[in-house]
Amino acid sequence: MKAYVEDLDNHFARAKADGAKTIVEPQDGFWGGRIYRALDHEGHQWEISERLPGSRGRALATASRRDARSSQVTKTEVAWPSHGFNANTQHQ
């Protein structure tokens, strides 16, 4: 399952406190967003994402592309979710 939230770091803290098992810690994505992955208490895997607005998202995307090009040259390489997400969560 995938869900979008407005504040990924706050969501992660709540999910972890509610017993979610972390698969991937919160991290910046190459597309200019943030994600984490976790298992809920029933064993369902979730990918939680946040779309970062404006310049922060663009800066992450630009840095990621720059890092990818650089590495190619040098290498020549809850109460969640069973109780529901808050109203600000968008499911996909």
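The values are calculated or read from the model by the stated rules, or taken from the named source; none is laboratory data. Keep in mind that what you see is a predicted model, and the values were worked out from it rather than measured. Heads up, the Cβs are rebuilt from the backbone with ideal geometry, glycines too, and the neighbour counts pull from every protein chain shown.
Might you let me know whether the range 84-92 holds any residue that is aliphatic (A, V, I, L, M) and modelled with pLDDT of 60 or more?
Filtering the range 84-92 down to residues aliphatic (A, V, I, L, M) leaves 87.
From what is left, the residues that are modelled with pLDDT of 60 or more are none.
Within the range 84-92, none of the residues are aliphatic (A, V, I, L, M) and modelled with pLDDT of 60 or more.
Which residue pairs have Cβ atoms under 9 Å apart, sit 6 or more places apart or on different chains, and have a first residue in the range 14-29 that is at negative phi and a second that is exposed (fewer than 13 other Cβ atoms within 10 Å of the Cβ) and not small (Gly, Ala, Ser)?
18/83; 23/45; 26/9
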